[in-house]
Amino acid sequence: MIHVWLHKGHEVARLSPDRLRCDGDGEVFRSYLPQDKLPKDPTGAWTCETFTVGGQLVGVRKFDVVKDY
């Protein structure tokens with residue numbers, strides 16, 4: 001699996017996620033965006049796309065980072 005992190009539509013990083021076991025037979029994949037990959041202003045729209053090594057899209061997570069006032 002490959003996680004592709006995008007900020008405001010621009011690729012920030014491509015990472016090999018950790019594989020974690022779940023209860024039963026399941027597995028999940030988790031990655032963390034390294035601090036040195038964060039843009040100076042990380043607010044705005046983010047997407048993390050999950051691809052197989054062969055390039056097939058298997059999942060997308062979208063979220064927004066907002067300022068804490």
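Table for the structure above
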item	result
Spatially proximal aspartates and glutamates relative to Lys67 (Cα-Cα < 14 Å; intrachain offsets below 8 disregarded)	Asp41
Highest-MSF residue in the chain out of Leu20, Leu38, Leu57 [GNM, Cα springs under 10 Å]	Leu20
Globularity ratio of the chain, using Cα Rg and 2.2 N^0.38 Å	1.22
The chain - accessible surface per residue (Å², probe 1.4 Å)	79
Listed residues Asp18, Asp64 arranged by accessible area, highest first, probe 1.4 Å	Asp64, Asp18
The chain, accessible surface, carbon-and-sulfur percent (1.4 angstrom probe)	49
Area accessible to solvent at Phe51, 1.4 Å probe radius, in Å²	50
Potential lengthening between Glu11 and Phe63 on full extension [0.36 nm per residue; Cα-Cα distance subtracted]	17.2 nm
Solvent accessible area, Å² - Tyr32, 1.4 Å probe, full protein context	150
Cβ-placed point charges (K, R +1; D, E -1), dipole of the chain about Cα centre in debye, nearest 20	180
Extreme residue, positive dipole direction of the chain, given options Val4, Gln56, Val28 (C-beta unit charges)	Val4
Length-normalised contact order of the chain in % [C-alpha pairs under 8 Å, at least 6 apart]	32
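The values are calculated or read from the model by the stated rules, or taken from the named source; none is laboratory data. Since this is a predicted model, take the numbers as computed values, not measurements. Cβ coordinates were reconstructed from backbone atoms using ideal geometry, including for glycine residues, and neighbour counts include every protein chain displayed. Each accessible area value is taken on the protein alone, full model and side chains, heavy atoms only, with ligands, DNA and RNA left out. Shrake-Rupley method; radii C 1.70, N 1.55, O 1.52, S 1.80 Å.
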